[in-house]
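The values are calculated or read from the model by the stated rules, or taken from the named source; none is laboratory data. Computed from a prediction, not measured in an experiment: that's the story for all the values here. We place every Cβ from the backbone using ideal geometry, glycine too, and count neighbours over all the protein chains shown.
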Amino acid sequence: MKKLKVIFQNTSMLLLCATVSGAQCVKKINTKGNTKEEQPNVIIFAVDDMNDWVSPLGYKQAKTPNMDRLAKSGVVFTNAHAPGVFCAPSRTAIWTGMQASTTGCYDSEPFQFTHPDVFTMQMAFKEAGYNTYGAGKLYHHRGGYVDLRSWDEFFSRSQEHRDMGWEMNSYHMTDVPLPTPHPYSPYYTKSDRKISSAGHLEWGPIANELEDDMVDAMRTNWMCDVIKRKHDKPFFMGLGMYSPHYPNYAPQKYFDLYNRDSIELPPLKADDLDDLPEAVRKKQMSKMKQHQEIVELGAYKDAVLAYLASISFADAMLGRVLDALEASPYKNNTIIVFWSDQGFHHGEKGHWGKHTLWQRTTQVPFIWTGKGIAKNKKVGTTVSLIDMYPTLVELCNLSEGKQLDGASLASILKNPSSAKERNVFIPYMDRGSYAVVNMNWRYIQYNDNTEELYNVKDDPNEWDNLANDKKYRQIMDEMKKFAPQVFAPSATSINDLDLVIDGDSFHWVKKDLK
């Protein structure tokens, strides 16, 4: 199939906004009186499934020179947590500024159907006078999830892409380079299983000369071209990588950065599941089979190496954006926010993936740099990515008054020493289950009233569940107070919806109303 690099130019976005979002879309104006010239440009650089295995967070094995470069020019939050435990709910929370306990989007529910009037982040920027540009995985990657409202341009690489409801998975389509052989991972080549579209536990190198044919590179190159344009208004740009999400494909040169034999594996504990609540323990025991198979195949180091290679590939794309901005006239008036939607387990607690309330899923990179932000600072107090939206409201003169569940970090970015510790709430996929975390503790409550408690300061691997020790009851009771008293009913499930493709756009309908 011939590649088409097509840009979605939203020429009727104000009309669409008024139709879909009602009064919320136009009810707010700039109440602070600042001029447009004082508004900084903003570039959001999002990655997928990147845990805390990066050097700005103290991990020594990953080679991330551009993240290091970004960290030296700004503020790194070393104890930042995602507002969800996998892509869909986490990204919904980030872009709407509301927790799943507020929207009911705990799992894979498309928020646009249940909450058509929600005022998402790019809409706030557009309303404030910004030009808006988007590309890649900013929302959940499945077709029908990207919120196309209020983007002046959103990158689309092909008609096939648009015909699939703007599917953001890089490997569902026919125009992407693949490793040879395909599949490449022994999880597939040494078994009779067929590779799924998700490519779980699949990895492999791509020929270096095909790097710019990879979707993350295409998206990055387009965004760099946008940065190079002459902008007569402040701009808001969102660029979403699919890396290092499975399948872990990256050009060969990023695999070559690492010596397979010297790869250090994460620390594990043989009886780590024994002190978990029974339902959780049984669930994790069933998932342990994947870990055992990877070990038996002798592929544990290969899997970790491939993940690190994918991190380095995403880091290289960040470098392209930083270089483009540095060469532009906008370098001194632009804020960059780097984040991951959630982390990823590589055998910890016998698990390969996310979807847990433990540290390896929730802790993520979160780096800010730019105008008015301190340089080369680290903040160890606990924050959440739900804080991104309210922080940008304050930094960029966006309109106020909408429901935002996070807290602005603007004062901390200007003066990191002013940071104060707090408890952060993280909802789970099951309504009523959640974690509350701070610098010292992680408390987990499941909706069957079972619990976990970890002293993360002394037990960073979360090996010893203290919930059954009565002397910690007061700590758990105090942390429970930071969970909502009421959890919103679950939004309409994707299983009850059909995606209708309408030209280059789409919408959701109830299955019985199609």
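What the table below lists for this structure:
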quantity: Residues located in the range 410-460, provided they are closer than 19 Å to GLY84 by Cβ, in contact (Cβ under 8 Å) with a residue 60 or more places away in the chain and among the hydrophobic types (A, V, I, L, M, F, W, C); calculated: VAL424, PHE425, ILE426, MET429, ALA435, VAL437, ILE444
quantity: Failed item, numbered, when SER90 is tested on (1) surrounded by 23 or more Cβ atoms within 10 Å (Cβ to Cβ); (2) touching a helix residue (DSSP H, G or I) at 6+ places or on another chain (Cβ under 7 Å); (3) hydroxyl-bearing (Ser, Thr, Tyr); calculated: (2)
quantity: Among residues of the range 261-283, those that are touching a residue at least 12 places away in the same chain (Cβ under 8 Å) and among the small types (Gly, Ala, Ser), counted; calculated: 1
quantity: Residue count for the range 261-283, restricted to those that are buried (at least 17 other Cβ atoms within 10 Å of the Cβ) and either in a helix (DSSP H, G or I) or among the hydroxyl-bearing types (Ser, Thr, Tyr) (or both); calculated: 1
quantity: Unique residue being among the aromatic types (Phe, Trp, Tyr), touching a residue at least 40 places away in the same chain (Cβ under 8 Å) and part of a helix (DSSP H, G or I) when the list is TYR254, TYR242, TYR258; calculated: TYR254
quantity: The one condition in (1) in a loop (DSSP other than H, G, I, E, B); (2) under 25 Å from the mean Cα position of the chain (by Cα); (3) not β-branched (Val, Ile, Thr) that ASP315 fails to fulfil; calculated: (1)
quantity: Residue satisfying condition, being within 20 Å of the chain's Cα centre (by Cα) and either surrounded by fewer than 19 Cβ atoms within 10 Å (Cβ to Cβ) or in a helix (DSSP H, G or I) (or both), within set ALA135, ALA198; calculated: ALA198
quantity: Extreme residue, modelled with the lowest pLDDT, among residues of the range 151-195 that are of a type in the set (Gly, Ala, Ser), within 18 Å of VAL215 (Cβ to Cβ) and assigned to a loop (DSSP other than H, G, I, E, B); calculated: SER170
quantity: Pairs with Cβ under 7 Å, 6+ apart, first in the range 141-164 and over 20 Å from ASN221 (Cα atoms), second of a type in the set (Lys, Arg); calculated: SER150/LYS126
quantity: Matching residues in the range 117-127 - criterion: being under 18 Å from GLY406 (Cβ atoms) and either without any contact (Cβ under 8 Å) to a residue 12 or more places away in the chain or not in a helix (DSSP H, G or I) (or both); calculated: VAL118, PHE119, THR120
quantity: Test: THR381 is touching a residue at least 40 places away in the same chain (Cβ under 8 Å), part of a loop (DSSP other than H, G, I, E, B) and of a type outside the set (Gly, Ala, Ser); calculated: yes
quantity: Helices (runs of 4 or more DSSP H) contained entirely in the range 39-114, each with at least 3 residues that are among the β-branched types (Val, Ile, Thr); calculated: 87-96
quantity: Near pairs, Cβ below 7 angstrom, 6+ apart or cross-chain, from the range 289-312 (free of Cβ contacts under 8 Å to residues at least 60 places away in the same chain and surrounded by fewer than 22 Cβ atoms within 10 Å (Cβ to Cβ)) to any residue that is assigned to a helix (DSSP H, G or I) and of a type in the set (A, V, I, L, M); calculated: TYR300/ILE294
quantity: Residue among ASN66, ASN51, ASN41 that is over 19 Å from GLN363 (Cα atoms), at pLDDT 95 or above, crowded, with 23+ Cβ neighbours inside 10 Å and not acidic (Asp, Glu); calculated: ASN41
quantity: Top-ranked residue in the range 318-337 [being assigned to a helix (DSSP H, G or I) and in contact with a Lys or Arg (Cβ under 8 Å, 6 or more places away or on another chain); ranked as surrounded by the fewest Cβ atoms within 10 Å (Cβ to Cβ)]; calculated: ASN332
quantity: Checking TYR184 against (1) loosely packed, with under 13 Cβ neighbours inside 10 Å; (2) without any contact (Cβ under 8 Å) to a residue 24 or more places away in the chain; (3) touching a Leu at 6+ places or on another chain (Cβ under 9 Å), the condition it does not meet; calculated: (1)
quantity: Any chance ALA491 is of a type in the set (Gly, Ala, Ser) and out of contact with any Cys (no Cβ under 9 Å at 6 or more places or on another chain); calculated: no
